[in-house]
Amino acid sequence: MQAAIILFPGSNREQDVHDALHRATGKAPLKVWHRDTNLPKADLIVIPGGFSYGDYLRCGAMAAHSPIMREVKARADAGTPVLGICNGFQIITEAGLLPGVLLTNRTLRFHCKDVHLRVETSQSVYTRRYNAGQVIRVPVAHHDGNYFADKDTLDRLEGESRVAFRYCSEAGELVDQANDNGSARAIAGILNEGRNVLGLMPHPEDATDPLLGGTDGQGFFASLAEALA
Amino acid sequence: MSPDTGAEAAATLDQARQFGLSEEEFTRACRIMGRTPNFTELGIFSVMWSEHCSYKSSKVWLKQLPTTGARVICGPGENAGVIDIGDGDAAIFKMESHNHPSFIEPYQGAATGVGGILRDVFTMGARPIANLNALRFGSPDHPKTRHLIDGVVRGIGGYGNCVGVPTVGGECNFHASYNGNILVNAMTVGLARADRIFYSAAAGPGNPVIYVGAKTGRDGIHGATMASAEFSEDNESKRPTVQVGDPFTEKLLIEACLELMESDAIVAIQDMGAAGLTSSSVEMAGKGGLGIELALDQVPMREEKMSPYEIMLSESQERMLMILKPERQELARKIFDKWELDFAVIGRVTDSGRLVLTMNGRTVADMPVGPLVTEAPLYERPWTPAPALPEIAAKSVEAREPIAALKALIACPDLASKRWIWEQYDHLVMGHTVQRPGGDAAVVRLPGGKKALALATDCTPRYCAADPKRGGAQAVAENWRNLTAVGALPLAITDNMNFGNPERPEIMGQFAQSIDGMREACIALDYPVVSGNVSLYNETNGSGILPTPAIGGVGLIDDAAKSVSLGFKRDGEIIVVVGQTKGWLGQSLYLRELLGREDGAPPPVDLKAERRNGDFVRAQIRAGAVSACHDVSDGGLLVALAEMAMASGIGATLSAPQDQPPHAFWFGEDQARYVLTCRSADALLQAAQKADVPARVVGKAGGAALTLAGGNAISVAELKRLNEAWLPAYMAQ
C-alpha cells in the first residue's frame, strides 16, 4: 500500500503519521508538498495534523483553498481513501469533503491528553480491525476540536452510521465529562457517504508504540494496511 | 570617520543616560569612536553594552564555571551549547529568560521567549525536538497572578504548539517575591549531526550578508535595554518594547533553514534576538575579526519611514542573518521562496573591521567592531555574603500528624499538580515522548534508534535565598538527580541566572555565592555548563526576587525501554529509600506551609554522597533491578511516596524508624535521596552496602491507599483529588 501525506506550510504531525503507517504497512509513505501540482498515485491520501498557515483566519480555511485540494477532492470522489487528522480534519471540512465544522474547544483552551474513544462502526477501511463499541485510548492535541453541525446533518450522520468515533469514559459511557471539547453528540470522527473519507480530531498515530504510552491506535493502521494491501 | 556620518547630529550625555549608559560608559564610547557618536551609533553602543548583551556585571563570575569536558563540543559563547551524545549525534540546547516582557504582556512575552530560544538552537543546525520551561509567579493571592499564569501558559502553548515542538517538561512555583517580577525561562533542546554544526563567525570578505525571515517593524525597540533595568510603577507604559511573535513564520523559518543547511551554502548564521540586527551583525563580524557593511534601505520592512536607529534596534521576531557563499546565493533564495519567506541581500563582509551602515547611499554609522565587543565595560561589582541562618533542630519543630500534614502539602500551590498547565502544551507532537510531563524528567527518544534524552529544569529559590552557595549547588544536584532517577547519565547543563539588581552588594553576593555552589556541584558531578543566560535587575520598586539560578539539564539513555518512571508498578513490590534521612526541616515546605515559617539553613549538599548515591541508582536501573524511581525533593519523603502512588493509582503501606521524630523523617528535605521499588530488596540492599550507599526499606507497594504503620491512612484517589484540585479551581475563580 502506498500512502501520500500532503504537507502545507505549518503541518507538523506528518512524521508521526508517517512512522505509524510505515510501521503498519512496511512501506514509507510519500510526502507531497502542497504546491506540487502532480499528486502521485496513492492508495491513501493523508492530510496530517498541525497548524497549516498558522491557523490564521480560521483553522484549515487557507489550506482548503490550496490548488492541490481540488485534486484531493477528485480522488476522494473517485473512491480513494482520504484521511484528515486534527488540522487535516479541519481542512477537509473546510474543503467540503465532510459536513460540519470544528469550533474552538468549549474550555477555550488547548487540550493535550489521552482520551477514550468508542469505535462506533467497524464498517470502514479505517476501523475494520476494531469492533463496534470497542473503547480505545489515544491522545488529542487541539484547540479547535469542537465538532458542530446542524441537527439534520447530525441525524443523518448517525442514521447512516457515519459517526466513526465518539469521546467516552474509560468504560465506554457517553458522559459529558469525557467530551472535553464540547463536540456535538460527542463526535470525534466522521465518515463521508462513500465511507472512504475520514476526519478525526484525536491522534491514533501517537498511540502505536508501546514505549510512547499505548498501542490502541495500532488497530487503525492495521485496518488500513489490511484493507488497502 | 566618514564626513557624512559626522553630519548626523552628535548624541548627548542625556540621550546616553536615557539609553541606560552611565556617564563613564558614554565617555568610553566617545573615546573608542574618536568623536561623539551620533544617535544611531549611540543606540548601538547602548544595546551592545547593556547588561543583557554584554554580561558586564556577571562575566567575571561566570568564568568560574566549568565549561569543558569529554562530551562538550561547544561551550558558552555561541548561540547555544553543543554536546556529543554518541553515534555522530549532537544535542544542542540552551535556556533563556523572557521575564520582563512576560510581566508586561504575558502572552507575547512568553511566546516570543519560546520563539527566541528555538532560534538559538536551530541556528546552529539542530532540529528542535523538545521545549521545557521554568516559571515563577507571585503569590496566588496577588491580584495579578492569575492573569499572568493564564497569559504565560497560553503564550508558551500558542507558540510551541504551532511550531510543532513538544513542550515536555518544566517547573512552576509561587512566591510573593515574584509579585512584581515573574520569571519565564524557556529551554529548547535540538538534535544535529556532530559534524554539521553551524557557527556565527563571519568569514570571507566580499561574501554577501543575507537577511531572511519576517519583516522588520518597530516592535521591541530597546528590549535589551529594558531587560537591563529595574521595573517601576510605570512599566505598563513599556508595552511597546515587547515583541510580537508569529509562530507560523518561525515554523517556516525552521524548515527553510534546515533545508538550506543540508547544502554547503552557509558560511555563518546567527539569529536576530535581543538587540536584533545590531547584535547579530556585530557578533558575526566580531567573532570573525572582520567588518560588515549593511545597506539598511535593503532590509525588508513592514512599516514606513523607519529610521536607521529603529531598524538597527528593532527586536521584531523570526529573523535571521546569514553569510553565504556567493555561488550558493541563488540556491538559498529558491529555498526561502518555497517557504514564502523574505530573502534579501543587505550587505557584505569586509576586512575593514568596521560596522558601516548606509541608508539610501548615505553613511549613517561607521564604528569599529572590535572595541564594541572587546572593550565593553566589565564590572567587578562589590558584594557581601549572605548571612548564615541557624540550623533548626527537628525536635524544636512542632510535630503534626503525618497524613494530615501530607494532605496540606500535596495541595499547596508549589506541590499541587501542574497538569492544568502542561495539558495546554502539545507534549506529544513528533511522536517521541517516552516520559511525559509530571515525572522527574521528560524522556524523548531520538529518531531511528533506541537512544533517548532525559531533560529537566530545576531550582529551589528558597534555598538559594537562605544560603546562595548551598542553593546553587542544590539546584545543580537536584537536576542531576532528576535525570538519574529516570536512568539517564547526566551530561551537561544550561543555566538561567535570575537575580535582582547587581548594583546592590547583597544581590551581587547572592550571584557570586550561587555561582560558587554551582561550580562545586558541576565539578563534583562531572556536569559542565555549556550555555546560559543571565537576567539581572529582576526587581520592582527596589524589591528583589528570590535568587533563582534555574538549571536545565540533558542526560543520555542508551535504551529508552530501560528508563523507569515514578509510578508504583505492582502490588507487593518493596519500597527502598536510598540516601540518608536525617530529617532536615530548615527551609522545608513542611515548615513553610504548615507552620508559616520561612527560616533556617537549607539542607546541606554533600556532593560526594550525591554522586555515590546517584551512580548507584543509575547502575541499578540499568541492570533492570528497579521498577520505579523518584527523587526526594520538595516536601520530603512522604510527598515523594504520595507522588509515586498518585502516578499509578497503586498505594503502599509504610513505616518510619523508631529513632526519629516522624515529622522529620517524613518531611525533612535531606538531599541525595531517591525512592526505588524492586521485587526483592535483598540483592539491592547488599549492593548498596557494598557501594557504601545508605539504603533502607520503608514499605511495600499495594492496595488503594497510603497506610502508615500504626497510624492513619489516606486513599490514593483522595490524594489525587487534593493534588489536582488546586490549580484548576484557582484559575477558574
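Looking at the structure I just gave you, is B:Ile575 over 18 Å from B:Ala416 (Cβ atoms), in a helix (DSSP H, G or I) and in contact with a Gly (Cβ under 6 Å, 6 or more places away or on another chain)? Against the criterion (over 18 Å from B:Ala416 (Cβ atoms), in a helix (DSSP H, G or I) and in contact with a Gly (Cβ under 6 Å, 6 or more places away or on another chain)), B:Ile575 does not qualify.
If the condition is being surrounded by fewer than 17 Cβ atoms within 10 Å (Cβ to Cβ) and polar (S, T, N, Q), then the range B:54-76 contributes B:Gln64, B:Thr68. The residue pairs whose first member lies in the range B:99-114 and is part of a loop (DSSP other than H, G, I, E, B), whose second member is at pLDDT below 95, and whose beta carbons are closer than 9 Å, counting only pairs six or more residues apart or on different chains, are B:Glu105/B:Arg239; B:Glu105/B:Val242; B:Glu105/B:Val244.
Residues in the range A:96-128 that are of a type in the set (A, V, I, L, M) and within 14 Å of the chain's Cα centre (by Cα): A:Leu97, A:Leu98, A:Val101, A:Leu102, A:Leu117, A:Val119, A:Val125. Would you point out the residue of the range A:175-190, among those that are out of contact with any His (no Cβ under 9 Å at 6 or more places or on another chain) and among the small types (Gly, Ala, Ser), that is farthest from the other protein chains (Cβ to nearest Cβ)? Out of the qualifying residues, it is A:Ala184. Cβ-Cβ contacts under 6 Å between residues 6 or more apart (or on different chains), taken from a first residue in the range A:35-58 that is within 14 Å of another protein chain (Cβ to nearest Cβ) to a second residue that is of a type in the set (Phe, Trp, Tyr), are listed as A:Ser52/A:Phe8; A:Gly54/B:Phe248. Mind checking whether some residue in the range A:12-20 is assigned to a loop (DSSP other than H, G, I, E, B) and either of a type in the set (S, T, N, Q) or within 12 Å of chain B (Cβ to nearest Cβ) (or both)? Yes. Looking at A:Gly172, is it on the phi > 0 side of the Ramachandran plot, more than 14 Å from chain B (Cβ to nearest Cβ) and more than 19 Å from the chain's Cα centre (by Cα)? Here the answer is yes, as A:Gly172 does meet what is asked.
If the condition is being small (Gly, Ala, Ser) and within 12 Å of chain B (Cβ to nearest Cβ), then the range A:1-11 contributes A:Gly10, A:Ser11. Out of the residues in the range B:414-428 meeting the condition of being more than 7 Å from every other protein chain (Cβ to nearest Cβ) and touching a Cys at 6+ places or on another chain (Cβ under 9 Å), tell me which one is surrounded by the most Cβ atoms within 10 Å (Cβ to Cβ). Residue satisfying both the conditions and the ranking: B:Trp422.
Is at least one residue of the range A:1-22 farther than 17 Å from B:Phe248 by Cα and among the charged types (D, E, K, R)? For the range A:1-22, residues farther than 17 Å from B:Phe248 by Cα and among the charged types (D, E, K, R): present.
Quick grid of which residues meet (1) part of a loop (DSSP other than H, G, I, E, B); (2) closer than 14 Å to B:Val356 by Cα; (3) free of Cβ contacts under 8 Å to residues at least 24 places away in the same chain:
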site: B:Thr278; (1), (2), (3): no, yes, no
site: B:Ser281; (1), (2), (3): no, yes, no
site: B:Gly286; (1), (2), (3): no, yes, no
site: B:Leu294; (1), (2), (3): no, yes, no
site: B:Glu304; (1), (2), (3): yes, no, yes
site: B:Met312; (1), (2), (3): no, yes, no
site: B:Gln317; (1), (2), (3): yes, no, no
site: B:Leu321; (1), (2), (3): no, no, no
site: B:Glu327; (1), (2), (3): no, no, yes
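Do any strands (runs of 3 or more DSSP E) entirely within the range A:127-177 hold 3 or more residues that are over 21 Å from A:Asn192 (Cβ atoms) and touching a residue at least 12 places away in the same chain (Cβ under 8 Å), and if so, which? It comes to A:135-142. When B:Gly431 is tested against the conditions (1) within 14 Å of chain A (Cβ to nearest Cβ); (2) in contact (Cβ under 8 Å) with a residue 12 or more places away in the chain; (3) not aliphatic (A, V, I, L, M), the lone failure is (2).
Among the residues of the range B:148-179, just one is touching a helix residue (DSSP H, G or I) at 6+ places or on another chain (Cβ under 7 Å), away from chain A (no Cβ under 14 Å) and without any contact (Cβ under 8 Å) to a residue 60 or more places away in the chain, namely B:Leu148. With respect to (1) over 22 Å from B:Ala732 (Cβ atoms); (2) away from every other protein chain (no Cβ under 14 Å), the lone exception for B:Leu135 is condition (1).
Taking A:Asn146 and the conditions (1) within 14 Å of chain B (Cβ to nearest Cβ); (2) touching a Leu at 6+ places or on another chain (Cβ under 6 Å), which numbered condition does it fall short on, given that it satisfies the others? Looking at each condition in turn, A:Asn146 falls short on (1).
Of all the listed residues (A:Arg106, A:Arg129), the sole one being more than 14 Å from chain B (Cβ to nearest Cβ), out of contact with any Phe, Trp or Tyr (no Cβ under 7 Å at 6 or more places or on another chain) and modelled with pLDDT of 95 or more is A:Arg129. Evaluate the following for A:Arg118: is it buried (at least 16 other Cβ atoms within 10 Å of the Cβ), modelled with pLDDT of 95 or more and away from every other protein chain (no Cβ under 14 Å)? So A:Arg118 passes the test. Return yes when B:Ile621 is in contact (Cβ under 8 Å) with a residue 24 or more places away in the chain, buried (at least 19 other Cβ atoms within 10 Å of the Cβ), more than 24 Å from B:Glu718 (Cα to Cα) and aliphatic (A, V, I, L, M) and no when it is not. When the stated conditions are applied, B:Ile621 passes them.
Checked against (1) in a loop (DSSP other than H, G, I, E, B); (2) within 12 Å of chain B (Cβ to nearest Cβ); (3) not hydroxyl-bearing (Ser, Thr, Tyr), A:Lys27 passes all but a single condition, namely (2). Checked against (1) closer than 29 Å to A:Gly213 by Cα; (2) within 14 Å of chain B (Cβ to nearest Cβ); (3) at pLDDT below 95, A:Met62 passes all but a single condition, namely (1). Applying the condition of being among the small types (Gly, Ala, Ser) and part of a loop (DSSP other than H, G, I, E, B) to the range A:191-222 and asking which residue is nearest to the other protein chains (Cβ to nearest Cβ) yields A:Gly213.
From the list B:Gly86, B:Gly116, the one residue that fits, being crowded, with 24+ Cβ neighbours inside 10 Å and of a type in the set (Gly, Ala, Ser), is B:Gly116.
When you check B:Val530 against the structure, is it modelled with pLDDT of 95 or more, outside any helix (DSSP H, G or I), surrounded by 24 or more Cβ atoms within 10 Å (Cβ to Cβ) and at negative phi, yes or no? When the stated conditions are applied, B:Val530 passes them. Return the residues of the range B:437-447 that are part of a strand (DSSP E or B) and of a type outside the set (A, V, I, L, M, F, W, C); say none if nothing qualifies. Across the range B:437-447, the qualifying residue is only B:Arg445.
The values are calculated or read from the model by the stated rules, or taken from the named source; none is laboratory data. Since the structure is predicted, the reported quantities are computational estimates derived from the model, not experimental observations. Note: ideal-geometry Cβ built from the backbone for every residue, glycine included; neighbour counts use all protein chains shown.
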